[in-house]
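Step one of this worksheet: look at the structure below.
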Amino acid sequence: MCGWLNRRRRRRGREDGITMVAVLVALTIILVVVLGSLAYLSSSTKYSRYEQDNDLALAAAQSGISELLSRLRTNPDYLTNVYDTRADPKSYCNSPGVGGPISEGDHFRVDCEWPDSTDINWASVSGDASAGAQKYHLVITDFVAMAESLEVVSTGKSQNVVRSVKARLARASSPMFLYLSDYELVDPTDYTAYPIGTGATWATCGQNWQVGDDDTGDLGYAWEIKAGDKPARYYVDKNGFLHRCSQPAFERWDTLEGPVHSNDTIKSNGATFSGEFSSANEDCRNLVVPGDSSTYDNCIDGTATFSGSGPFYQSRQLVQKTPDSNLIGAQGCQYQGPTRIVFNGDGTMTVWSKLTTAEMWKQPQLDLSDAEIGDKLNKCGAIDALQSDVGATVDIPNNDIIYVRQVWADSLSAAQKALLGSTVASRYVDGRLPLGSYTGCAPSATCLGYQIEAAMEQDKRKYENGNLWLDGEARGVVTVYADHTIVITGDLLTEDNNTDLLGLMAGGSIEVYNPVLVTYGTAATGTDYIWTDPTPGERANASTWGSWPRNIPGTDNDGQSGLVVRIEAAMIAGTGSFRLQNWKIGGDLGTIEVYGSIAQHFRGVVAWEEALVLGEAPTLLSGYRKHYIYNTNLTTSRPLLFAPLTNGVWEIWWQEKVEPSEAVQP
């Protein structure tokens, strides 16, 4: 018995040892889990703190951009007078969030006279100056005063975490849009839509209603007419018949690649808009649901293909009418009267300007000395050369302006003055343009008739007005301004789309050349003769002039039909439109490709299309298909003379997160 008890006790002793080991293992596991949990909780807390500071730092960076934007909107001179206003605590130079080591490369470092040893300045978001408060630091890396555009890097800080955001800020101007129109109503001066001799249609379809930049009288937008706020747009012809004022549409073959805006309602029959699309149509504000295509017809009249979330409301964007008169001084090159310019592709241009004289440079407002006038004639063309059939070849005034102005009457000779107010003779541009056989003679037994371009019959084509015929390949940065009309007579290109920038601004319209000749005859009245005007039917059936090349010699589409005419420019038609001359004549001309931007007061027509069978889609009968492509360089560069929109404000045009510089690392 005792042996059995002893054996049993020995077994129990062995089991007690195993239990002890198990307990120790369990305690170790629990300890590891507890320590691991504590480590995880500590790490999680640190990560959560880091994430929180990361978000706060980004928010602080955004606050810096918002603060700068607010100051720009409040004070137009906030950056243009940074040095002169250094004593102002609200000036950029004295902002608490700017200034730092020279390595930051701030655009205003020299103007602000910051010493190289200046520490990084941080502005508190909330006014809390404690070490852990949210703060931001600003560096303006680029500023273009003429374009009112800047690039800024804003760095936010929370605890020891820094995050940076780069943004482009600019004041809205027409080149911010690929296509911008005030009225989607055919230009009332378009003689193809409203032929000469059919009644004063131009007066009742817009021209006489324009009374200023901000108020156009009773001329209503389509959405105002629909709401009953303005009368419908009709006119009565000379025979007493009622007609609706013309409103063209974008068609299914038209493509616009870039931001589009109209203060009116755009009509579309299946066009493609691959970019932002906005309208001042009030229904766009209240009834369009992003992404819901069934609501898009509240913003556009008809059908279209949109990218992104579809059309949206944007307030009226008023097209610039004429440049600021203070900007039109003695800089650049000036010509007067009918002028033709060809950009030669090598940095030079050839200019014909029959009515430009040395006396023109003596206008009191130019205030030039004789020596300065001599310098202008050397740079812009000797008078004898400008008035010759060969023309004057000079350098394009890079980073400057070319003006074609209304004639200063006191600068002309007696013979030149005698021509004022008469129809432009063909030899008075460059010996070839405009086309026709008019010589300035009076109707007589020996002067029985002549031919002239239909476009030249308009009053604004008289000698005293500034009209320009233009084509070629430009180099550099230049703006071409004409008091009245610019006629693009062929491809208009820039040598390098990345560095060259061409701006076109017309006080009236910008037209694509499509010359049509009309014939005037004579009739005897006793012993005298008078001109017989062509009838509207004769004008409508006039022949095209097929020998004038639409394209630059040497390009692969030179003189060919059915191909592309390309225009690389930012354009403003101040009181008129961008349009094709005689758009009902010439047949299918191919595609007009604009690489840049178009801003126009009225809608210009570049094609004639009609449904040949009732109920079917329209067919292109004559003119060009449209392919408009936005030059994204215009978001950062604005051509000279191109002022902000009348109601344009500073906006954020794009922004992105970037890596903070070494200068702002904690």
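Nothing in this text is a laboratory measurement; each read-out follows from the coordinates by a stated rule. Remember, predicted model here, so these are calculated numbers, not experimental data. Here the Cβ positions follow ideal geometry from the backbone for every residue, glycine too, while neighbour counts run over all protein chains shown.
Points worth noting:
- For a straight C-alpha distance cut-off of 14 angstrom, the aspartates and glutamates reachable from K584 (same-chain residues fewer than eight places away being disregarded) are D190, E538, E609, E610.
- Cα-Cα over 22 Å, subset of K230/K626; K354/K376; K166/K321: K230/K626; K166/K321
- Three-way shape call for the stretch 224-273 based on the alpha-carbon gyration tensor, with the a/c threshold at 1.5: oblate
- Gain upon complete extension [T305, S293; 0.36 nm per residue less C-alpha separation]: 3.4 nm
- Cβ-based net charge around L366, under 12 Å, with every Lys or Arg adding one and every Asp or Glu removing one: 0
- Simple label model, 7 Å out from Cα along Cβ direction - I30 to N94, nm: 6.9 nm
- Among the GluC sites (Glu not before Pro) within the stretch 467-543, those in coil by DSSP and having at most 16 neighbouring Cβ atoms inside 10 Å are E495.
- ³J(HN,Hα) computed for each position of the stretch 75-82 - Karplus, 6.51 cos²θ - 1.76 cosθ + 1.60, integer Hz, glycine/proline x: 10, x, 9, 4, 9, 6, 10, 4
- Between the beta carbons of R285 and T322, assuming R0 = 35 Å, the FRET efficiency works out to 0.70 to the nearest 0.05.
- Cα gyration tensor shape of the stretch 235-329, rounded if a/c is under 1.5, else prolate or oblate by comparing a/b with b/c: oblate
- Couplings 3J(HN,Hα) of the stretch 626-632, computed from phi: 10, 9, 9, 10, 7, 8, 5 Hz, in residue order, whole Hz [Karplus 6.51 cos²θ - 1.76 cosθ + 1.60, θ = phi - 60°; x for Gly and Pro].
- Separation between Cα centres of the stretch 566-600 and the stretch 339-394, rounded to whole Å: 28 Å
- Here the Karplus curve 6.51 cos²θ - 1.76 cosθ + 1.60, taken at θ = phi - 60°, turns the phi angles of the stretch 600-608 into couplings of 8, 6, 10, 7, x, 9, 10, 7, 10 Hz, with x standing for Gly and Pro.
- Sorted on the mean count of surrounding Cβ atoms within 10 Å across their residues, most packed first, peptides 284-292, 479-487, 365-373 read 479-487, 284-292, 365-373.
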